[in-house]
Amino acid sequence: MAFLSSLVNGLSLGSIYAIIALGYTMVYGIAKMLNFAHGDVIMVGAYIAFCGAQYWGLPPVMCVLTAMLVCTVLGVTIERLAYRPLRQATSLAVLITAIGMSYLLQNLALQIWGANPKSFPVDLVALPGFTLFGGQLRISGVTLVTVLANIVIMAALTFFTSRTKLGKAMRCVSEDRGAAELMGISVNRTISLTFAIGSALAAIAGVLLCSAYPTLQPTTGSMPGIKAFTAAVFGGIGSIPGAMVGGLLLGIIEILSRAYISTELADAIVFAVLIVVLLVKPTGLLGKQVREKV
Amino acid sequence: MSEMNQQELLLKVNDIHVYYGAIHAIKGVSFEVRKNEIVALIGANGAGKSTTLNTVAGLLKPRSGTITFKGENVTAVPASKMVFRGLALCPEGRRIFQQMTVRENLEMGAYSRPNAEIEQAMENVFGRFPRLKEREKQVAGTLSGGEQQMLAMGRALMARPELLMLDEPSMGLAPILVEQIFDIIRELHESGATILLVEQNAQMALSVADRAYVLETGSIGMSGPAKQLLNDDAVRRAYLGH
Ligand SMILES: Nc1ncnc2c1ncn2[C@@H]1O[C@H](COP(=O)(O)OP(=O)(O)O)[C@@H](O)[C@H]1O
Ligand SMILES: [Mg+2]
């Protein structure tokens, strides 16, 4: 039963990784860049939800929606101001800019909210939990909401990219920017939309993360950001189902290692598994083999 | 020729210069296309044919010179807007969306059109390319080279362009398929399409075109009625190999 309980916790953490990984993977697939500031957008989202509940007296749903709105605007603005001017630059220049943007967000948060950890309102996601097996396995409301949110988001994104005109346009840009433009698709607008979606999801992930682990500080987004990036690579960067699979596996491996091997070594084990997977399959679990153009 | 000149001027390219960084790829090219014409742009590999088409399509910006389409100056109009104005480019190397199905590729070709028109346009394309209809649900990357070329042309036609630009549609195809592609170009012409055709296969291009321009390392050499160029000794020696 302890094992089952760990598995549920892993599933829950993995769902959060998966939602964050989606932002990395979509931006990578469409804008062809690693947005290292993505983890810090999570942190901003959590702070906004925190302020909504603590200072502005907003009801829980409004807290989440406000966080999503702020993060969407933030993500689109970051892309517009910092990344778009570098569209023709080397990927190294873009990477360094993204790392700089990450520190900028952390330092701004430090200025605004201070270094002292805030305790995140745990009742923000106020769904009652339930117990199974005569009380032996407890599933909390946060876990339930997290897993459900992940499933809904995944289904919605799959529908969006496979059925809608805008979603298909996104796939075109991801495959061949020039050809997409020839169809009449604006590459800039498509990239903005990608950042908007990824950042709104980051806000949701921020609320879920801090509801499960309720300490909030300016560096809160860093480690989950890196883990989720790992999850995206693990699943095959650029692939939406890959982000899901990678996130879930990473969360489960992490929690099980923590429970059965060693708390200290859990992160090392996670990254060791990643390295093994990449050695066997360099494109990640569900990654597409990149076809060289003739 | 005089009959042709009475047709409305669709595209006028005037003295464009295009650079790739420091490389001066197009050095003052001028030409025009009138309604219902097939105009061929021929020249050796690296002469600047693709650069010229990409510039007209808006993928590249000329450093100087003007491009006029349907009487409007479109020199600075980006590619994503040109297709809304009625110009479609079927690019070199086909560049279909490999991971999308045939149907999805065609839908994306009609991105600039109202949704209500898509089915009709799709029927038209399927009528012209029955093979695509058979492969409608197939992922485009798994099509044969000839089928991919048909898909690329079908995708460009989905935009119902007033000017269709084809960049080396016969590239890498077996002779029988080349014949097929040129038959389709002839059919399109008969149904009233205006086509700007770039080809290394000068023989085929000159045999379907009304007029032609010869591009030589970034500038226009000869130009004139296609039949005349086909019989010109210099052209025959340089581009037709006899
Ligand atoms: N992306 C590019 N960067 C630099 N030079 C290029 C690029 N594309 C083409 N060129 C150069 O521009 C010239 C014209 O190329 P292109 O238009 O592709 O010729 P064509 O289509 O007639 O074979 C060539 O010298 C080619 O090397
Ligand atoms: Mg070419």
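So for segment A:191-205 (the condition being part of a helix (DSSP H, G or I), within 13 Å of another protein chain (Cβ to nearest Cβ) and within 22 Å of the chain's Cα centre (by Cα)), does at least one residue qualify? Give the derivation first.
Restricting attention to segment A:191-205, the residues satisfying the condition of being part of a helix (DSSP H, G or I) are A:191-205.
From what is left, the residues that are within 13 Å of another protein chain (Cβ to nearest Cβ) are A:191.
Next cut, within 22 Å of the chain's Cα centre (by Cα) only: A:191.
Yes, the conditions are met somewhere in segment A:191-205.
Would it be correct to say that B:GLU216 is within 16 Å of ligand 2 (Cβ to nearest atom), at pLDDT below 95 and surrounded by fewer than 19 Cβ atoms within 10 Å (Cβ to Cβ)? It is true that B:GLU216 is within 16 Å of ligand 2 (Cβ to nearest atom), at pLDDT below 95 and surrounded by fewer than 19 Cβ atoms within 10 Å (Cβ to Cβ). Identify all residues within segment B:190-235 that are assigned to a strand (DSSP E or B) and basic (Lys, Arg); write none if there are none. B:ARG211, the sole residue that qualifies. Going through (1) more than 19 Å from B:THR101 (Cβ to Cβ); (2) more than 16 Å from ligand 1 (Cβ to nearest atom) one by one, B:ALA202 falls short only on (2). Among all residues of segment B:64-80, there is at least one that is within 16 Å of ligand 1 (Cβ to nearest atom), in contact (Cβ under 8 Å) with a residue 12 or more places away in the chain and in contact with a His (Cβ under 9 Å, 6 or more places away or on another chain).
Residues of segment A:238-259 being of a type in the set (Ser, Thr, Tyr) and more than 15 Å from A:THR161 (Cα to Cα), which ones?
Of everything in segment A:238-259, just one residue is of a type in the set (Ser, Thr, Tyr) and more than 15 Å from A:THR161 (Cα to Cα), namely A:SER257.
Just checking, which of B:GLU72, B:GLU123, B:GLU107 is of a type in the set (Asp, Glu) and surrounded by 17 or more Cβ atoms within 10 Å (Cβ to Cβ)? Checking each option against the conditions leaves just B:GLU107.
Number of residues in segment B:43-63 that are touching a Phe, Trp or Tyr at 6+ places or on another chain (Cβ under 9 Å), away from chain A (no Cβ under 14 Å) and touching a residue at least 60 places away in the same chain (Cβ under 8 Å) equals 3.
B:GLU199 falls short on exactly one of the conditions (1) more than 14 Å from chain A (Cβ to nearest Cβ); (2) out of contact with any strand residue (DSSP E or B) (no Cβ under 9 Å at 6 or more places or on another chain); (3) surrounded by 15 or more Cβ atoms within 10 Å (Cβ to Cβ), and that condition is (2).
Residues checked against (1) within 13 Å of chain A (Cβ to nearest Cβ); (2) farther than 12 Å from A:LEU182 by Cα; (3) within 17 Å of the chain's Cα centre (by Cα); (4) polar (S, T, N, Q):
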{"position": "B:CYS90", "(1), (2), (3), (4)": "yes, no, yes, no"}
{"position": "B:GLN98", "(1), (2), (3), (4)": "yes, yes, no, yes"}
{"position": "B:MET108", "(1), (2), (3), (4)": "yes, no, no, no"}
{"position": "B:PRO114", "(1), (2), (3), (4)": "yes, yes, no, no"}
{"position": "B:GLU123", "(1), (2), (3), (4)": "no, yes, no, no"}
{"position": "B:GLY127", "(1), (2), (3), (4)": "no, yes, no, no"}
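Could you list, in sequence order, all residues of segment A:40-53 that are closer than 26 Å to A:ALA126 by Cβ and in contact with a Phe, Trp or Tyr (Cβ under 9 Å, 6 or more places away or on another chain)? Across segment A:40-53, the qualifying residues are A:ALA46, A:TYR47, A:ALA49, A:PHE50, A:CYS51, A:ALA53. Out of segment B:46-98, which residues are assigned to a helix (DSSP H, G or I) and more than 16 Å from ligand 2 (Cβ to nearest atom)? Once the filter is applied, which keeps residues that are assigned to a helix (DSSP H, G or I) and more than 16 Å from ligand 2 (Cβ to nearest atom), segment B:46-98 yields B:ALA79, B:SER80, B:LYS81, B:MET82, B:VAL83, B:PHE84, B:ARG85.
For segment B:229-241, the criterion of being buried (at least 19 other Cβ atoms within 10 Å of the Cβ), over 19 Å from the mean Cα position of the chain (by Cα) and within 13 Å of ligand 1 (Cβ to nearest atom) is satisfied by at least one residue. Summed over segment B:34-54, the residues that are more than 9 Å from ligand 1 (Cβ to nearest atom) and surrounded by fewer than 24 Cβ atoms within 10 Å (Cβ to Cβ) give a count of 5. Yes or no: B:GLU179 away from every other protein chain (no Cβ under 12 Å), within 24 Å of B:ILE118 (Cα to Cα) and among the charged types (D, E, K, R)? So B:GLU179 does not fit the description; no. Filtered by the rule that a residue be closer than 26 Å to B:ASP210 by Cα and polar (S, T, N, Q), segment B:42-84 gives B:ASN45, B:SER50, B:THR51, B:THR52, B:ASN54, B:THR55, B:THR66, B:THR68, B:ASN73, B:THR75. Restricting the search to helices (runs of 4 or more DSSP H) fully inside segment A:113-188 and requiring at least 1 residues that are over 18 Å from A:ALA205 (Cβ atoms), of a type in the set (Gly, Ala, Ser) and touching a Cys at 6+ places or on another chain (Cβ under 9 Å) gives A:177-183.
Is it true that B:LEU60 is surrounded by 15 or more Cβ atoms within 10 Å (Cβ to Cβ) and within 16 Å of ligand 1 (Cβ to nearest atom)? So B:LEU60 fits the description; yes. Somewhere in segment B:177-193, is a residue of a type in the set (Ser, Thr, Tyr), under 22 Å from B:ILE96 (Cβ atoms) and out of contact with any strand residue (DSSP E or B) (no Cβ under 6 Å at 6 or more places or on another chain)? No, the conditions are met nowhere in segment B:177-193. Residues that are surrounded by fewer than 16 Cβ atoms within 10 Å (Cβ to Cβ) number at least 2 in the following helices (runs of 4 or more DSSP H) confined to segment A:1-112: A:2-31, A:60-78.
The values are calculated or read from the model by the stated rules, or taken from the named source; none is laboratory data. Computed from a prediction, not measured in an experiment: that's the story for all the values here. Reconstructed Cβ throughout: ideal geometry from the backbone, glycine too, with neighbour counts over all protein chains shown.
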